[in-house]
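*Asks:* Here's a structure for you.
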Amino acid sequence: MTEKALLMLDYQVALCEDGPHLKAPPLQAQVAQRDVLATAERVLEKARAAGALVVHVRLAFDPSYKLRTNRLPRFDPYETNRTMLADSPESQIVKALAPIETEPVVDKGCVDPFIGTPLRELLAAEGVTEVVLGGVATNLVVESAARHASDSGLQVSVVEDMCASFAPELHTFAMEKVLPLFGTVTRAADVTF
């Protein structure tokens, strides 16, 4: 039997919710327009009901920012502005998708959720052979996760309507041209655990 895990990628306040902690207005606008959070909540409930492993992943830094694995200049503003600290309101997972106590939360310091984290080891220890991915942004964390998982020997399913990017064309290109190279693109209504 194939053991599936649901990976909930970067559904964070700073990226998904309008309000004082929003850091990515174009992404949040697409999340809202595509109704991504409600779709993600339905899939999350389906996974929980089936007893599947659910792992939440988020971009979150320690106060020293030394665990930041991405050292490119585009990541410098996080440290300079002291944003996305692990305990800050902006780095938290949105309330509708908040983890329950049996669901691990993996903090990452880059785009790829497998780099510098125990994610691959966690999945192996739990006997996971297939991952179901949803998250934001499609062309960043979702694409990185799909590439890494596929190259690690995992089967990959990407739930198209659980994802959004900064612009519709970025999402569409990733879903139609890139992600099919690394797994199956599916819809929430068709996901089973």
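*Asks:* For the chain, what does the equivalent ellipsoid look like in terms of its semi-axes, each the square root of 5 times an eigenvalue of the Cα gyration tensor, given largest first in whole Å?
*Replies:* On the way: eigenvalues 111, 70, 55 Å².
Calculated on Cα positions only, the semi-axes equal 24, 19, 17 Å.
*Asks:* How tilted is helix 36-50 with respect to the longest principal axis of the chain? Cα atoms for both, answer in degrees (0 to 90, nearest 10).
*Replies:* For helix 36-50, the angle is close to 50 degrees.
*Asks:* Determine the dipole magnitude for the chain: charges of +1 sit on the beta-carbon of Lys and Arg, -1 on that of Asp and Glu, nothing else is charged, the reference point is the Cα centre, and the result goes in debye to the nearest 20.
*Replies:* Roughly 260 debye for the chain.
*Asks:* May I pose another question? Based only on other Cβ atoms within 10 Å, what is the fewest-to-most ordering of Phe173, Phe182, Phe61?
*Replies:* On the way: Phe173 16, Phe182 19, Phe61 22.
By the 10 Å Cβ count, ascending: Phe173, Phe182, Phe61.
*Asks:* Another one. Calculated from DSSP H runs of 4 or more alone, at -39500 (n - 2.57) each and per residue, what is the 222 nm mean residue ellipticity of the chain, nearest 500? Kindly include the intermediate steps, with their values, before the conclusion.
*Replies:* Values: 7 runs with 55 residues, N = 193.
Taking each H run of at least 4 residues, the total per residue is -7500 deg cm²/dmol.
*Asks:* Specify the inter-centroid distance of segment 148-170 and segment 19-36, based on alpha-carbon positions, in whole Å.
*Replies:* Rounded to whole Å, the Cα centres lie 18 Å apart.
*Asks:* Can you list the trypsin sites (Lys or Arg not before Pro) in segment 29-138 that are in a DSSP coil and have 15 or fewer other beta carbons within 10 angstrom? Walk me through the numbers on the way to the answer.
*Replies:* On the way: sites: Arg34, Arg42, Lys46, Arg48, Arg58, Lys66, Arg68, Arg71, Arg74, Arg82, Lys95, Lys108, Arg120; in loops: Arg34, Lys66, Arg68, Arg71, Arg82.
Here the trypsin sites (Lys or Arg not before Pro) that fit, given the DSSP loop and packing criteria, are Lys66, Arg71, Arg82.
*Asks:* Among the listed pairs Lys46/Lys66; Lys4/Lys177; Lys23/Lys177, which are separated by more than 31 Å between their Cα atoms?
*Replies:* Values: Lys46/Lys66 37 Å; Lys4/Lys177 24 Å; Lys23/Lys177 28 Å.
Distance filter (> 31 Å) returns Lys46/Lys66.
Rule-based calculations on the coordinates, nothing more; no lab input. Keep in mind it's a predicted model, so treat the numbers as computed, not measured. Positions of Cβ are generated from backbone atoms using ideal geometry, with glycine treated the same way; all protein chains shown enter the neighbour counts.
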